[in-house]
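Working notes, beginning with the structure itself.
The values are calculated or read from the model by the stated rules, or taken from the named source; none is laboratory data. Note that the structure is predicted; figures quoted are calculated from it, not measured. Ideal geometry is used to build each Cβ from the backbone, glycine not excepted, and the neighbour counts take in all protein chains shown.
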Amino acid sequence: MTQEFKQTSLLLVGPSWVGDMVMAQGYMKACRIRQPKMAIDVLGPEWAIPLVQRMPEVRNGVPLPIGHGELGLKKRWQLAQELRDQQYDEAVILPRSAKSALIPWMAGIPKRVGMKGEWRYGFINDIRHVDRQAINSTFDQFLALQNPVETADMHRSNLYHPRLMVDELNRRRTLTRLRLTVDQPVVILAPGAEYGSAKRWPASYFGELAKLLHQEGYVVWVIGSPKERTLGGQVCIFSDGTAINLCGATSLQDCIDLISLACVVVTNDSGLMHIAAAVDRSIVAIFGSSSEFKTPPLSNKAAILSKNMSCRPCHARRCPLGHHQCMRAIKAGDVLEACRPFLPGSEIP
């Protein structure tokens, strides 16, 4: 018999990566399907609040004023005392670290659910033993916190795939501010990956792809974070000026809205890949050091490119062997061919 949630309010402690936070929406969707009137608040890094505000299942985003890796016990205690007033019935802690479980415990939330992790017995009082060998993908592991028996069926159901809301007014404002037009079909390139260079297809290859797309009549935008401004500039240089560098010129919300205009998004395994899937765009995803089985784009309109090499997936931040062949072996022509099924007859929303 399917276990049903009895609580009416939930605090979800979200992950610290963009892609993982997007995938966490699957768990929220499962909660709301089981209990449509459940109130879900999400505790996450300050950068994540604009993202979770685009999830219709979320009532409130609660910013965590603590840097990544910082313990910040005093700040955690102060926030926990504020959260006590919300009288949450349950907390679900998606990260596996001990410190991620501190605030729900300090806030006195009676039921605290999470996967077995580092030294957090007591902080979590409902430990779910998720077999991470049998349940490989991060998305499925999140869903397994609901019911491991149902996870395979839940993964296959589009009902649980993340879906972010698009703000049409902000989209128009962003286009005007950046002096962008959509008179021609748009292809978006996302050359970054916050985790490290081993996950990034070379900038010169992205630039070559931009030239090929431009020759066929497509407008090419390069998007990314402020940290990736230089990387975006390199792509544009290699494109001979045919691509437009928007890295660092947009907020995360702007990126969501601009991505919704693309007929296809070419991306590494990154947060923007998961955002593209969550706004129902066609995707060509390039995987190198990471595994396409662990963090695939949750979309029925995605092509995945990777090379079967003995050294991958290594999950390293930088190529340990120094050659980066898992990415370099994928050529611009290969990616263009993967794009083709999505390009003919594509309509701009």
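Observations, loosely collected:
- Restricted to helices (runs of 4 or more DSSP H) entirely inside the range 214-292, those with at least 2 residues that are surrounded by fewer than 23 Cβ atoms within 10 Å (Cβ to Cβ) and touching a residue at least 12 places away in the same chain (Cβ under 8 Å) are 229-238, 252-259.
- Glu216 within 29 Å of Phe139 (Cα to Cα), of a type in the set (Asp, Glu) and more than 18 Å from the chain's Cα centre (by Cα): no
- When the criteria are applied in full, Leu43 meets the requirement of being within 17 Å of the chain's Cα centre (by Cα) and under 23 Å from Trp119 (Cβ atoms).
- Test for Val235: is it closer than 22 Å to Val166 by Cβ and touching a Phe, Trp or Tyr at 6+ places or on another chain (Cβ under 8 Å): no
- Selection status of Cys319, hydrophobic (A, V, I, L, M, F, W, C), over 15 Å from Arg200 (Cα atoms) and surrounded by 15 or more Cβ atoms within 10 Å (Cβ to Cβ): no
- The set of residues in the range 182-210 being among the hydroxyl-bearing types (Ser, Thr, Tyr) and either free of Cβ contacts under 8 Å to residues at least 12 places away in the same chain or assigned to a helix (DSSP H, G or I) (or both) consists of Ser197, Ser204, Tyr205.
- The range 1-25, residues that are part of a helix (DSSP H, G or I) and at pLDDT below 95: none
- Which listed residue is closer than 30 Å to Ser270 by Cα and in contact with a helix residue (DSSP H, G or I) (Cβ under 9 Å, 6 or more places away or on another chain), from Glu46, Glu57: Glu57
- Beta carbons closer than 6 Å, at least 6 apart along the sequence or on distinct chains, pair a first residue in the range 129-141 that is more than 11 Å from Thr295 (Cβ to Cβ) with a second that is surrounded by fewer than 20 Cβ atoms within 10 Å (Cβ to Cβ) and among the charged types (D, E, K, R) for His129/Lys116.
- Pick from the range 192-204, criterion within 20 Å of Ile237 (Cβ to Cβ) and either in contact with a Cys (Cβ under 8 Å, 6 or more places away or on another chain) or among the aliphatic types (A, V, I, L, M) (or both), ranking: surrounded by the fewest Cβ atoms within 10 Å (Cβ to Cβ): Ser197
- Residue under evaluation Met154, criteria (1) surrounded by fewer than 19 Cβ atoms within 10 Å (Cβ to Cβ); (2) modelled with pLDDT under 85; (3) closer than 17 Å to Met28 by Cβ, criterion not met: (1)
- All of Ala303, Ala316 fail the test of being over 22 Å from Gln184 (Cα atoms), out of contact with any Gly (no Cβ under 6 Å at 6 or more places or on another chain), in contact (Cβ under 8 Å) with a residue 24 or more places away in the chain and in a strand (DSSP E or B), apart from Ala303.
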